[in-house]
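To start, the structure itself, in structure tokens.
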Amino acid sequence: MQAPPTCAARPCALVVVSHPRGQTAERLRDSPQMGVLTGALLRAGLAVLLSGDGGPTTWGSPAALAELGAAHAAATRRFAWNGQTFALGLSMGGLMALRSALPGAPYPVRAVALIDAWVDLEQAYGTAHSRRQEIQAAYALRGPPGPRLNPLVAATAAPRQPLFAVASADDQTVPHASNTARLLEVFGRPESVLVQVEGAHLGANRFTPELGARMAAFFETHNQGPLPTDLGRR
């Protein structure tokens, strides 16, 4: 967990970052590309928690979210927190970021950012044998997860959230039309933002100072006032 020095004078919001498949919080910490985004958030006066998400292939499972809830509680005791939390999910981490913003999550989330993100668990399950095995292990299942465990399905009935989404039509790993675009349609609010980029999955143009500053500005726009009533009751 990192917090900028400005938190001492002005309490900070916390951005929880959920990692891509097969990665860890330590790999995000040591990644120069991720450091560009993290640096932009810190310069904007936001604290950053690089989450382990309960393991490298937990696919946003409820059990992993419970572990993240404990990590969030510990992190917010380490700096002057203003009570606001934002979620940022990359690729597989999109499932965790979205699940953390749904009713029943262990802490309220003010807004969500996604980069080349999975949000449709059932589609991810159907794309490769290795993903099926990982999802079954993460969710303690013997078969498909079904709509009850799919955060995209739950989002259709949840209070809408501001979304900042980065996606490419060229992405052959995570289909934009059935993930980010669908989530924006059912869950995003009018002030949600879609940044359309080019190139393959998690390419370098997702990790630029300009995009980091734009994401930080989006978070800062929503880093004001009390939480909405429907979120504060979670």
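The values are calculated or read from the model by the stated rules, or taken from the named source; none is laboratory data. Keep in mind the model is a prediction, meaning the values are calculated, not measured. Positions of Cβ are generated from backbone atoms using ideal geometry, with glycine treated the same way; all protein chains shown enter the neighbour counts. Ligands, DNA and RNA are stripped out before the accessible areas are found, and what is left, the full protein with its side chains, is counted by its heavy atoms. Shrake-Rupley method; radii C 1.70, N 1.55, O 1.52, S 1.80 Å.
Could you tell me whether any residue of region 52-69 is modelled with pLDDT of 95 or more, among the small types (G, A, S), surrounded by fewer than 22 Cβ atoms within 10 Å (Cβ to Cβ) and assigned to a strand (DSSP E or B)?
No, the conditions are met nowhere in region 52-69.
Please give the number of the condition A216 fails out of (1) out of contact with any strand residue (DSSP E or B) (no Cβ under 9 Å at 6 or more places or on another chain); (2) open to solvent by less than 60 Å² (accessible area, probe 1.4 Å); (3) among the small types (G, A, S); (4) under 22 Å from V48 (Cβ atoms).
Against the list (1) out of contact with any strand residue (DSSP E or B) (no Cβ under 9 Å at 6 or more places or on another chain); (2) open to solvent by less than 60 Å² (accessible area, probe 1.4 Å); (3) among the small types (G, A, S); (4) under 22 Å from V48 (Cβ atoms), A216 comes up short only on (1).
Name the residue, out of L163, L152, L184, that is open to solvent by less than 50 Å² (accessible area, probe 1.4 Å), without any contact (Cβ under 8 Å) to a residue 24 or more places away in the chain and more than 21 Å from G55 (Cα to Cα). Before the answer, list the steps.
On the way: L163 fails: without any contact (Cβ under 8 Å) to a residue 24 or more places away in the chain; L152 fails: without any contact (Cβ under 8 Å) to a residue 24 or more places away in the chain.
That would be L184, the only listed residue that is open to solvent by less than 50 Å² (accessible area, probe 1.4 Å), without any contact (Cβ under 8 Å) to a residue 24 or more places away in the chain and more than 21 Å from G55 (Cα to Cα).
Taking region 132-147 as the region of interest, how many residues are exposed (fewer than 14 other Cβ atoms within 10 Å of the Cβ) and within 21 Å of the chain's Cα centre (by Cα)?
First, pick out the residues of region 132-147 that are exposed (fewer than 14 other Cβ atoms within 10 Å of the Cβ): 133, 140, 142-143, 146-147.
This time we only want the ones that are within 21 Å of the chain's Cα centre (by Cα), so: 147.
The total comes to 1.
Would it be correct to say that P103 is part of a loop (DSSP other than H, G, I, E, B), closer than 24 Å to A75 by Cα and either polar (S, T, N, Q) or out of contact with any helix residue (DSSP H, G or I) (no Cβ under 6 Å at 6 or more places or on another chain) (or both)? Write out each step before concluding.
Working: part of a loop (DSSP other than H, G, I, E, B): yes; closer than 24 Å to A75 by Cα: yes; either polar (S, T, N, Q) or out of contact with any helix residue (DSSP H, G or I) (no Cβ under 6 Å at 6 or more places or on another chain) (or both): yes.
The answer is yes for P103.
Which residues, taken from region 1-44, are of a type in the set (G, A, S), in contact with a strand residue (DSSP E or B) (Cβ under 6 Å, 6 or more places away or on another chain) and farther than 21 Å from A204 by Cα?
Start the filter on region 1-44 by keeping residues that are of a type in the set (G, A, S), which leaves 3, 8-9, 13, 18, 22, 25, 31, 35, 39-40, 44.
Right, trim to in contact with a strand residue (DSSP E or B) (Cβ under 6 Å, 6 or more places away or on another chain) and you get 3, 13, 18, 25.
Hits for region 1-44 are A3, A13.
Quick one: which of A47, A8, A3 is open to solvent by 60 Å² or more (accessible area, probe 1.4 Å) and closer than 23 Å to Y107 by Cβ?
On the way: A47 fails: open to solvent by 60 Å² or more (accessible area, probe 1.4 Å); A3 fails: open to solvent by 60 Å² or more (accessible area, probe 1.4 Å).
Exactly one residue qualifies, and that residue is A8.
Any residue in region 51-80 that's touching a residue at least 60 places away in the same chain (Cβ under 8 Å) and basic (K, R): show its pairings with residues that are outside any loop (DSSP other than H, G, I, E, B) and surrounded by 21 or more Cβ atoms within 10 Å (Cβ to Cβ) at Cβ separation under 6 Å, as long as the two are six or more apart or on different chains.
none
Any residue at all in region 92-103 that is surrounded by fewer than 17 Cβ atoms within 10 Å (Cβ to Cβ) and more than 19 Å from A217 (Cα to Cα)?
Quick first cut of region 92-103, residues surrounded by fewer than 17 Cβ atoms within 10 Å (Cβ to Cβ) only: 103.
Filter again for more than 19 Å from A217 (Cα to Cα), leaving 103.
Taking every residue of region 92-103 in turn, at least one turns out to be surrounded by fewer than 17 Cβ atoms within 10 Å (Cβ to Cβ) and more than 19 Å from A217 (Cα to Cα).
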